[in-house]
Amino acid sequence: MKFKAAEIANLLNGEVKGNPDAEIWTLSKIEEGADGSISFLANPKYEEYIYTTGSTVVIVNKSFEPSQPINTNLIVVEDAYSAFTVLLNHYNKIKNNKTGIEEFARVSETAILGEDIYVGSFSYIGSNVKLGNNVKIYPNSTISDNVVIGDNTIIYSGTQVYEGCEIGKNCIIHANVVVGSDGFGFAPNPDGTFEKIPQIGNVVIEDNVEIGSGSTIDRATMGSTYIRKGAKLDNQIQVAHNVEIGENTVIASQSGIAGSTKVGRNCMIGGQVGIVGHIKIGDFVQVQAQSGINADVKDAQQMYGSPAINAIDYKKSYVYFRKFPEIVKRLDQLEKENKQK
Amino acid sequence: MKFKAAEIANLLNGEVKGNPDAEIWTLSKIEEGADGSISFLANPKYEEYIYTTGSTVVIVNKSFEPSQPINTNLIVVEDAYSAFTVLLNHYNKIKNNKTGIEEFARVSETAILGEDIYVGSFSYIGSNVKLGNNVKIYPNSTISDNVVIGDNTIIYSGTQVYEGCEIGKNCIIHANVVVGSDGFGFAPNPDGTFEKIPQIGNVVIEDNVEIGSGSTIDRATMGSTYIRKGAKLDNQIQVAHNVEIGENTVIASQSGIAGSTKVGRNCMIGGQVGIVGHIKIGDFVQVQAQSGINADVKDAQQMYGSPAINAIDYKKSYVYFRKFPEIVKRLDQLEKENKQK
Amino acid sequence: MKFKAAEIANLLNGEVKGNPDAEIWTLSKIEEGADGSISFLANPKYEEYIYTTGSTVVIVNKSFEPSQPINTNLIVVEDAYSAFTVLLNHYNKIKNNKTGIEEFARVSETAILGEDIYVGSFSYIGSNVKLGNNVKIYPNSTISDNVVIGDNTIIYSGTQVYEGCEIGKNCIIHANVVVGSDGFGFAPNPDGTFEKIPQIGNVVIEDNVEIGSGSTIDRATMGSTYIRKGAKLDNQIQVAHNVEIGENTVIASQSGIAGSTKVGRNCMIGGQVGIVGHIKIGDFVQVQAQSGINADVKDAQQMYGSPAINAIDYKKSYVYFRKFPEIVKRLDQLEKENKQK
């Protein structure tokens, strides 16, 4: 889709300086601009690029005073950065405006469908599924029987939602996510084999949650595994059965939370972190990447290490770990001195 | 599906106290009970909940003597816990009783199909595939040419099985698992590029294995990668080419085993563990979460750390690591004393 | 498919000793040989197996002089090892020679298709997609709108490529990979919730790249996330938005690279490594498994630990870490001695 500079200026309450008919079809950084792209200049640090950019249009602040001649078209606005964000969101909305049920989709007759939904080819909508208004299911996804998905939620391709799980409104579930697979529960038999403990609960994902591609969230043994509203999970996160992830908690890629652990609200958890089962992490906790949490953590603590301790303490100890050979030499020296006495 | 209390009592060899026509359609914990749910009370610790539960029916031990009035219906059995387990399994079986080949499934004419199988929409059954009796393939899975799957095995949606792999009886393979992708094998060229080493082996998964969602198991370069009978793998496990995972070994989420390593039987391996290639882990070995094993391990060892050492030794050393600043202060003090002499 | 010994000898410029009509349909190691398989003997260490092998045919060097009677058929060549590699590649090519568009594939009318392509059932080729010659898309994959894929590239089943990404020539993308999911970018609101930052860039994978099953590669916020030519990524790798992985760099399983980090060329990165965002790793860098890189690394460094330091230093310090209880005892002893004076 192409837009004219004048149309975009209109959207942003801005004014074109240059050719109002200049055509735009993509967005780019000012230093990577090419024919057909629109960029912005907000930070004076990047000013040099506006004199050489290949972008067809650049959005600038009203206050911007060029110090050299400019060869591109400008859109002048009050605040270039926030205008560009408006544009980004607009662009994103246009890109994701698919609607309708494509050929080779399989929608059960008992499913209840909201308005303006999209179901891509090869997506499976099971019995008694409820899809809210404006829900988008991209191709190759399976929404199993009795699943409920709220308004405006997007499920990208290849995502598998098991029977009976619930996903709230305004969520984004990226590609190849699994929601509701069985929790990892086995009872040992005397002969060393294991008996499967049936996992009959579900997963409840509340509103405004985003889950990154390749993540897996297991259903509860009984009851529910919860991802509370506003939580943001990066790619390849593992959430075990009966876990609860608190409101607005952010978890970076490849972290895993073991069974029945409760993570509080507004926590920031780094990448590749492991959290053992059956513990309680407070609110506003921060965990450094690659840490291993093996005990309860109080509110607002900062943790680091495996097993994790207070982050500042860990860093102090690690400084000495790095100097360990030198420290042992000092010990050798002391022993030598003591022997000579 | 709804059941009457009397029907369930009959299944469990129990006796109804209350309304035999009370209707049940789900299971729940006694403290989370709601209309239509059945719960159990076995542990006296939870007795208080039976007087307030919202569950329509509660299964109790014959020996249970209420100390307050009860407002729900009871099913009285010899052993409430094991009766509930029977019910769980029954419930699970009913939930997973799909049969038939759904529309938009693609089953090769040369595939050999057992009785009572289920092939969901958008699942692909390749040439010469053999599916045993009662095999269930959920939607959006690919069972490539020449794959063999034994009786009663369940493959959940989005799972991809490459050409020529073998999966035994009574296995459960969760969603978005990959079985049989190429091993990671490359030979360096003098110019710094790499030549792919063809990976022409396969993966053999024996009977009674469960594999968690998002796990990946590579085919052998030649020969087979083996997951021996009764092994249980959690979500997002990585098993490289030519690895062998022993009988009844249990591996927690996000662990990875590098190429050609042999893990013994009845091992317990924690989450996010890494095991290097070309080593041998004995039987009954236990590995703490986040450990890194870089050398052979004898039978029945307990390992911890990265690189991993004996678990007790690791914990001892880690206690001192935490006290490192204090230890260095003691060293400073000794040096000071020695200088003063 | 079956081949006769004479046909294979012809392919390898070798000579049959034994039955030229012996039939072969698989390859195996000499020690695992069975009826219908062909093996090779190059390393004299394995000579014993040739006298007992079950293989129907064994490829041997011209220089090989048997010391006992041989019961199998031989193909005599100049160099048995390289002849076997030729055979492996040949075998692999035959196995992957699918062409055509299978039933239940969904190819947009606006897609531009090269010659001899394969699109498996339940694969989705979106609007304006360009597929080069000989591209193979296995079942259950989604190639979204405006994606470009170069000649000879193979996309295995269940792989999801988001809108507008580019994949070069001669690439192999294994099953259940995600290319182009949104980068993990959020701006905090004063009330503790997060605002999504639209991710409108793409992913560019250059020629000769291989990506292992279950890996996830996020699109750039703006611009591109790059996987440079000849890079090899193992299974379950996470590449965040705006990352660049250099030419011929090899990354082992379950490693993750955070946003905007640039990894140089010809690096070797072990398994389960974490690299923080916004840093620069030089060329020819080697990183030990499970390490955590949290700062820039110069060319040709070897790193280890979390946080990672020079690998030799890490190993030295770790030796003392293991001896920590003993070191503290020495300190106790010194303090005791000093007190006694």
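The values are calculated or read from the model by the stated rules, or taken from the named source; none is laboratory data. Model, not experiment: these values are computed from the prediction. Using ideal geometry, Cβ is built from the backbone for each residue, glycine included, and neighbour counts are taken over all protein chains shown. Note: areas computed on protein heavy atoms with side chains; ligands, DNA, RNA excluded. Shrake-Rupley method; radii C 1.70, N 1.55, O 1.52, S 1.80 Å.
If the requirement is being open to solvent by 10 Å² or more (accessible area, probe 1.4 Å) and farther than 16 Å from C:Ile143 by Cα, which of these qualifies: C:Asn202, C:Asn170? Let's see the steps before the verdict.
On the way: C:Asn202 fails: farther than 16 Å from C:Ile143 by Cα.
Step by step, each of C:Asn202, C:Asn170 is checked, and only C:Asn170 is open to solvent by 10 Å² or more (accessible area, probe 1.4 Å) and farther than 16 Å from C:Ile143 by Cα.
Only residues that are open to solvent by 70 Å² or more (accessible area, probe 1.4 Å) and under 20 Å from A:Asn61 (Cα atoms): list them for segment A:20-31, please. Let's see the steps before the verdict.
Pass one, segment A:20-31, residues open to solvent by 70 Å² or more (accessible area, probe 1.4 Å): A:21, A:23, A:25, A:31.
Hit for segment A:20-31 is A:Glu31, nothing else.
When you scan segment C:141-156, how many residues do you find that are open to solvent by 10 Å² or more (accessible area, probe 1.4 Å) and in a loop (DSSP other than H, G, I, E, B)? Explain how you work it out, then say what you get.
As a first pass, look at segment C:141-156 and keep what is open to solvent by 10 Å² or more (accessible area, probe 1.4 Å): C:144-146, C:148, C:150-152, C:154, C:156.
Imposing the further condition that a residue be in a loop (DSSP other than H, G, I, E, B) reduces the set to C:144-146, C:150-152, C:156.
Counting residues in segment C:141-156 that are open to solvent by 10 Å² or more (accessible area, probe 1.4 Å) and in a loop (DSSP other than H, G, I, E, B) gives 7.
Got a number for residues in segment B:275-293 being assigned to a loop (DSSP other than H, G, I, E, B) and within 13 Å of chain A (Cβ to nearest Cβ)?
Filtering segment B:275-293 down to residues assigned to a loop (DSSP other than H, G, I, E, B) leaves B:276-279, B:282-285, B:288-291.
Still in the list and also within 13 Å of chain A (Cβ to nearest Cβ): B:283-284, B:288-291.
The total comes to 6.
Filter segment A:185-195 for residues that are under 29 Å from B:Pro139 (Cα atoms) and open to solvent by less than 50 Å² (accessible area, probe 1.4 Å); which is farthest from the other protein chains (Cβ to nearest Cβ)? Quick ask: steps written out before the conclusion?
The initial filter retains those residues of segment A:185-195 that are under 29 Å from B:Pro139 (Cα atoms), namely A:185-186, A:194-195.
Narrowing the set further to residues that are open to solvent by less than 50 Å² (accessible area, probe 1.4 Å) leaves A:185-186, A:194.
Working: A:Gly185: 10, A:Phe186: 6, A:Phe194: 6 Å.
Residue satisfying both the conditions and the ranking: A:Gly185.
Condition first: without any contact (Cβ under 8 Å) to a residue 40 or more places away in the chain and either more than 19 Å from A:Gly292 (Cβ to Cβ) or of a type in the set (Val, Ile, Thr) (or both). Now tell me which residues in segment B:248-260 satisfy that. Before you say what the answer is, go through the steps one by one.
Within segment B:248-260, the first condition is being without any contact (Cβ under 8 Å) to a residue 40 or more places away in the chain, and the residues that meet it are B:248-252, B:254-258, B:260.
If the condition is that a residue be without any contact (Cβ under 8 Å) to a residue 40 or more places away in the chain and either more than 19 Å from A:Gly292 (Cβ to Cβ) or of a type in the set (Val, Ile, Thr) (or both), then B:Asn248, B:Thr249, B:Val250, B:Ile251, B:Ile257, B:Ala258, B:Ser260 are the ones that fit.
Of (1) open to solvent by 20 Å² or more (accessible area, probe 1.4 Å); (2) touching a Leu at 6+ places or on another chain (Cβ under 8 Å), C:Glu103 satisfies all except one. Which?
All conditions are met except number (2).
B:Asp218 fails exactly one of the following numbered conditions: (1) touching a His at 6+ places or on another chain (Cβ under 6 Å); (2) open to solvent by 20 Å² or more (accessible area, probe 1.4 Å). What is the number of that condition?
Among (1) touching a His at 6+ places or on another chain (Cβ under 6 Å); (2) open to solvent by 20 Å² or more (accessible area, probe 1.4 Å), the lone unmet condition for B:Asp218 is (2).
Has segment A:80-94 got at least one residue that is touching a Pro at 6+ places or on another chain (Cβ under 6 Å) and open to solvent by 50 Å² or more (accessible area, probe 1.4 Å)? Spell out how you get there, then give the answer.
Step one: of segment A:80-94, the residues touching a Pro at 6+ places or on another chain (Cβ under 6 Å) are A:88-89, A:92.
Next, from what is left, pick out any that are open to solvent by 50 Å² or more (accessible area, probe 1.4 Å): A:89.
Within segment A:80-94, one or more residues are touching a Pro at 6+ places or on another chain (Cβ under 6 Å) and open to solvent by 50 Å² or more (accessible area, probe 1.4 Å).
Looking at segment B:223-248 only, could you name the residues that are more than 10 Å from chain A (Cβ to nearest Cβ), surrounded by fewer than 24 Cβ atoms within 10 Å (Cβ to Cβ) and touching a Lys or Arg at 6+ places or on another chain (Cβ under 8 Å)?
Listed by number, the residues that qualify are B:Gly223, B:Arg228, B:Glu244, B:Gly246.
Does any residue of segment A:110-120 turn out to be touching a Leu at 6+ places or on another chain (Cβ under 6 Å), assigned to a loop (DSSP other than H, G, I, E, B) and free of Cβ contacts under 8 Å to residues at least 60 places away in the same chain? Explain how you work it out, then say what you get.
Here is the first cut: in segment A:110-120, the ones touching a Leu at 6+ places or on another chain (Cβ under 6 Å) are A:113-114, A:117.
Pick out the ones that are also assigned to a loop (DSSP other than H, G, I, E, B) and you get A:114, A:117.
Imposing the further condition that a residue be free of Cβ contacts under 8 Å to residues at least 60 places away in the same chain reduces the set to A:114, A:117.
Yes; the residues of segment A:110-120 include at least one that is touching a Leu at 6+ places or on another chain (Cβ under 6 Å), assigned to a loop (DSSP other than H, G, I, E, B) and free of Cβ contacts under 8 Å to residues at least 60 places away in the same chain.
For segment C:196-205, which positions are more than 9 Å from every other protein chain (Cβ to nearest Cβ) and of a type in the set (D, E, K, R)?
Our first condition is that a residue be more than 9 Å from every other protein chain (Cβ to nearest Cβ); within segment C:196-205, this holds for C:202-205.
Passing the criteria: none in range.
Suppose we filter segment C:227-266 for residues that are more than 13 Å from the chain's Cα centre (by Cα), acidic (Asp, Glu) and assigned to a loop (DSSP other than H, G, I, E, B); how many remain?
The total comes to 1.
Looking at segment C:1-18, I want the residues that are farther than 16 Å from C:Ala80 by Cα and have a partner that is outside any helix (DSSP H, G or I) and open to solvent by 100 Å² or more (accessible area, probe 1.4 Å) with Cβ atoms under 7 Å, at least 6 apart or on another chain. Which pairs are those?
C:Met1/C:Trp25; C:Lys2/C:Trp25
Can you tell me which residue among C:Tyr138, C:Tyr162 is crowded, with 21+ Cβ neighbours inside 10 Å and within 11 Å of chain B (Cβ to nearest Cβ)?
Working: C:Tyr162 fails: within 11 Å of chain B (Cβ to nearest Cβ).
C:Tyr138 is the lone residue from the list that is crowded, with 21+ Cβ neighbours inside 10 Å and within 11 Å of chain B (Cβ to nearest Cβ).
Please go through segment A:53-63 and give me each residue that is surrounded by 17 or more Cβ atoms within 10 Å (Cβ to Cβ) and not polar (S, T, N, Q), ordered by number.
Just the residues of segment A:53-63 that are surrounded by 17 or more Cβ atoms within 10 Å (Cβ to Cβ), to begin with: A:53-61.
Of everything in segment A:53-63, those that are surrounded by 17 or more Cβ atoms within 10 Å (Cβ to Cβ) and not polar (S, T, N, Q) turn out to be A:Gly54, A:Val57, A:Val58, A:Ile59, A:Val60.
Among the residues of segment A:32-52, write down those that are modelled with pLDDT under 90 and surrounded by 18 or more Cβ atoms within 10 Å (Cβ to Cβ).
Selection gives A:Gly33 alone.
Just to be sure I understand, how many residues within segment B:34-54 are part of a loop (DSSP other than H, G, I, E, B) and either in contact with a Pro (Cβ under 7 Å, 6 or more places away or on another chain) or closer than 20 Å to B:Asp21 by Cα (or both)?
Of all residues in segment B:34-54, those part of a loop (DSSP other than H, G, I, E, B) come to B:34-36, B:42-43, B:51-54.
Applying the additional criterion that residues be either in contact with a Pro (Cβ under 7 Å, 6 or more places away or on another chain) or closer than 20 Å to B:Asp21 by Cα (or both) yields B:34-36, B:53-54.
Count: 5.
For segment B:76-119, enumerate the residues that are at positive phi and touching a Lys or Arg at 6+ places or on another chain (Cβ under 7 Å). Break it down into steps so the answer makes sense when it comes.
Here is the first cut: in segment B:76-119, the ones at positive phi are B:100, B:104, B:116.
B:Phe104 - this is the single residue of segment B:76-119 that is at positive phi and touching a Lys or Arg at 6+ places or on another chain (Cβ under 7 Å).
Inside segment C:124-140, can you point out the residues that are over 16 Å from C:Val204 (Cβ atoms) and either among the aromatic types (Phe, Trp, Tyr) or part of a loop (DSSP other than H, G, I, E, B) (or both)? Step through it out loud before you land on a result.
Step one: list which residues in segment C:124-140 are over 16 Å from C:Val204 (Cβ atoms), which gives C:124-128, C:131, C:133-140.
Of everything in segment C:124-140, those that are over 16 Å from C:Val204 (Cβ atoms) and either among the aromatic types (Phe, Trp, Tyr) or part of a loop (DSSP other than H, G, I, E, B) (or both) turn out to be C:Tyr124, C:Gly126, C:Ser127, C:Asn128, C:Asn133, C:Asn134, C:Val135, C:Tyr138, C:Pro139, C:Asn140.
Go through segment B:182-226 residue by residue and tally those that are part of a strand (DSSP E or B) and within 16 Å of the chain's Cα centre (by Cα). Steps first, answer last, please.
Step one: of segment B:182-226, the residues part of a strand (DSSP E or B) are B:186-188, B:194-196, B:202-205, B:210-211, B:216-218, B:224-226.
From what is left, the residues that are within 16 Å of the chain's Cα centre (by Cα) are B:205, B:210-211, B:216-217.
Qualifying residue count for the region: 5.
Looking only at segment C:275-294, which residues are open to solvent by 50 Å² or more (accessible area, probe 1.4 Å), farther than 23 Å from B:Asp191 by Cβ and not β-branched (Val, Ile, Thr)?
Selection gives C:His278, C:Lys280, C:Gln288, C:Asn294.
Taking segment B:110-123 on its own, how many of its residues are open to solvent by 10 Å² or more (accessible area, probe 1.4 Å) and within 18 Å of B:Tyr162 (Cβ to Cβ)? Talk me through it step by step, then tell me what you get.
First, the residues of segment B:110-123 that are open to solvent by 10 Å² or more (accessible area, probe 1.4 Å): B:110-117.
From what's left, within 18 Å of B:Tyr162 (Cβ to Cβ): B:110-111.
The qualifying residues number 2.
Taking the conditions exactly as written (open to solvent by less than 20 Å² (accessible area, probe 1.4 Å), assigned to a loop (DSSP other than H, G, I, E, B), within 17 Å of C:Gly274 (Cα to Cα) and within 11 Å of chain B (Cβ to nearest Cβ)), does A:Gln272 satisfy them or not?
Details: open to solvent by less than 20 Å² (accessible area, probe 1.4 Å): no; assigned to a loop (DSSP other than H, G, I, E, B): yes; within 17 Å of C:Gly274 (Cα to Cα): yes; within 11 Å of chain B (Cβ to nearest Cβ): yes.
So A:Gln272 fails the test.
Filtering segment C:165-184 down to residues that are more than 14 Å from C:Ile217 (Cα to Cα) and free of Cβ contacts under 8 Å to residues at least 60 places away in the same chain, which residue is farthest from the other protein chains (Cβ to nearest Cβ)?
Of segment C:165-184, the ones more than 14 Å from C:Ile217 (Cα to Cα) are C:168-172.
Next cut, free of Cβ contacts under 8 Å to residues at least 60 places away in the same chain only: C:169-172.
Numbers: C:Lys169: 14, C:Asn170: 10, C:Cys171: 11, C:Ile172: 7 Å.
The selected residue is C:Lys169.
Return the residues of segment B:296-317 that are more than 8 Å from chain C (Cβ to nearest Cβ) and closer than 22 Å to A:Lys315 by Cα; say none if nothing qualifies. Give the steps one after another, and end with the answer.
Our first condition is that a residue be more than 8 Å from chain C (Cβ to nearest Cβ); within segment B:296-317, this holds for B:296-305, B:308, B:310-312, B:314-315.
Correct list: B:Tyr304, B:Gly305, B:Ala308, B:Tyr314, B:Lys315.
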